[in-house]
Amino acid sequence: MYNSRISGLGFYVPENVVTNDDLSKVMDTNDEWIQERTGIKERRHVIKGTDTTTSMGVKAAQKAIERAGIDKNEIDFIVFATLSPDYYFPGPGVLVQRDLGIKTVGALDIRNQCSGFVYGISVADQYIKSGMYKNVLVIGSELHSHGLDMTTRGRGVSVIFGDGAGAAVLTREEDTSKGILSTHLHSEGQHAEELSLIAPGMGKRWVNDIIADVDSGKEDTSYFPYMNGQFVFKNAVVRFSEVIMEGLQANNLGPQDIDMLIPHQANLRISQFIQKKFGLSDDQVFNNIMNYGNTTAASIPIALTEAWEQGKIKEGDLVVLAAFGSGFTWGSVIIRW
Ligand code: UT7
């Protein structure tokens, strides 16, 4: 029997900082509304022609591999989580294999939006626990900014999301009291359309349908992300709480045992709600949504890397990762660092 442990972490965000005031120049919004409702002060947007979802993932991965102290050719498998792939197909997993210049290992793409990294960790953990692989690279990366409706019509969504990438190397751990203790995954497809991007897709509207509508002057926003914000918020606080408790109970632990909670950075208000519910101090919950916005699959690995870089995670700590998002999907990871 093996466990897996996180042996290396890295993140990358594009240099271009977009403040709330910058957004108020292109749409009817303001710093006060954004900070009060979400906690966000600024986010990063890729300047066109520079980075892609894959290139950001590669940069984060290079750091994680270096910190894991392994050669890139010791990576046995790649898992890539994103909702904003470079291409409709193939997914970015194979592009990472190519751009990192590593041997022809398997590459899997995960489409679970804000829960993508948690799902990715769970998959990697199972491969390592089964003995099949020793080192698995898990990446979460998003390039939202090129696909957002940057007009007043899209302000309820566009002010929230930012670009960036995070990565972790998971490595075989022989001491099963350490590393990833358990992972817990859920979905509720009944609410799929409440946070979604419908087109282009083979289900309802493909590219030629969009072009035909644009050509005939028909108003259509199905190619922009849609979010029923209040409905998502209400579900998020319930599911976050449930899945954290589920993970703790599965390990005979309670909220008092948490040293560091890294929630998916969806909204500072959601993190604060969970913090209060579990009676955690400011030092026990890591938030960086103020600086990066919601980077979806990248938000947990970026936050985890920053928390670790700042010395906020020590050996022996109980670290909990938790996510909720489009699908709906949600999940948690319980780690003994
Ligand atoms: O990561 C995946 C999971 N995602 C989440 O968990 C997000 C969950 N939802 C939320 O975080 C919040 O619902 C939002 C931050 C998205 C929105 O906050 P809200 O308090 O639910 O606002 P609302 O959508 O109910 O909008 C309130 C008002 C509306 O105006 P009226 O109808 O009251 O006149 C909006 O038109 O605020 C208006 N509004 C804005 N005003 C200025 C919406 N977006 C903006 C904006 N700037 N950017």
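In table form, for the structure just shown:
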read-out: Boolean, residue 269 is surrounded by 12 or more Cβ atoms within 10 Å (Cβ to Cβ) and closer than 22 Å to residue 42 by Cα; value: yes
read-out: Residue satisfying condition, being under 27 Å from residue 186 (Cα atoms), more than 16 Å from the ligand (Cβ to nearest atom) and touching a Leu at 6+ places or on another chain (Cβ under 9 Å), within set 118, 79, 96, 58; value: 79
read-out: Residues within segment 288-316 that are open to solvent by less than 20 Å² (accessible area, probe 1.4 Å) and more than 16 Å from the ligand (Cβ to nearest atom), tallied; value: 4
read-out: Residues (of a type outside the set (A, V, I, L, M) and within 21 Å of the chain's Cα centre (by Cα)) located in segment 236-258; value: 239, 240, 241, 242, 246, 247
read-out: Criterion (open to solvent by 30 Å² or more (accessible area, probe 1.4 Å), in contact (Cβ under 8 Å) with a residue 24 or more places away in the chain and β-branched (Val, Ile, Thr)) met by exactly one of 17, 13; value: 17
read-out: Cβ-Cβ under 8 Å pairs, at least 6 apart or on other chains, segment 266-277 side in contact (Cβ under 8 Å) with a residue 12 or more places away in the chain, far side more than 11 Å from the ligand (Cβ to nearest atom) and in a helix (DSSP H, G or I); value: 268/290; 274/241; 274/244; 275/282; 275/284; 277/241
read-out: Residue match in segment 164-173 (condition: out of contact with any Gly (no Cβ under 6 Å at 6 or more places or on another chain) and open to solvent by 20 Å² or more (accessible area, probe 1.4 Å)); value: yes
read-out: Residue count, segment 223-265 (criterion: surrounded by fewer than 22 Cβ atoms within 10 Å (Cβ to Cβ), of a type in the set (Gly, Ala, Ser), more than 16 Å from the ligand (Cβ to nearest atom) and in contact (Cβ under 8 Å) with a residue 60 or more places away in the chain); value: 1
read-out: Residue among 120, 140, 116 that alone is crowded, with 18+ Cβ neighbours inside 10 Å and part of a strand (DSSP E or B); value: 140
read-out: Every residue from segment 21-31 that is near the ligand (Cβ under 9 Å from one of its atoms) and either touching a residue at least 12 places away in the same chain (Cβ under 8 Å) or open to solvent by 90 Å² or more (accessible area, probe 1.4 Å) (or both); value: 23, 27, 28, 29
read-out: Residues of segment 148-172 satisfying the condition of being more than 16 Å from the ligand (Cβ to nearest atom) and among the β-branched types (Val, Ile, Thr); value: 169, 171
read-out: Extreme residue, farthest from residue 246 (Cα to Cα), among residues of segment 326-337 that are away from the ligand (no atom under 15 Å from the Cβ) and open to solvent by 10 Å² or more (accessible area, probe 1.4 Å); value: 337
read-out: Residue check for residue 74: among the acidic types (Asp, Glu), farther than 16 Å from residue 162 by Cα and open to solvent by 20 Å² or more (accessible area, probe 1.4 Å); value: yes
read-out: Given (1) surrounded by fewer than 19 Cβ atoms within 10 Å (Cβ to Cβ); (2) within 14 Å of the ligand (Cβ to nearest atom), index of the condition residue 323 fails; value: (1)
read-out: Elements of type helices (runs of 4 or more DSSP H) in segment 168-285, at least 1 residues being outside the structural domain of residue 303 (by TED's automatic domain parsing); value: 207-215
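The values are calculated or read from the model by the stated rules, or taken from the named source; none is laboratory data. The shown structure was predicted, so the numbers you read here are calculated from the model rather than taken from an experiment. All Cβ positions, glycine included, derive from the backbone under ideal geometry; neighbour counts span all protein chains shown. Calculation scope for accessible area: heavy atoms of the full protein, side chains included, ligands and nucleic acids excluded. Shrake-Rupley method; radii C 1.70, N 1.55, O 1.52, S 1.80 Å.
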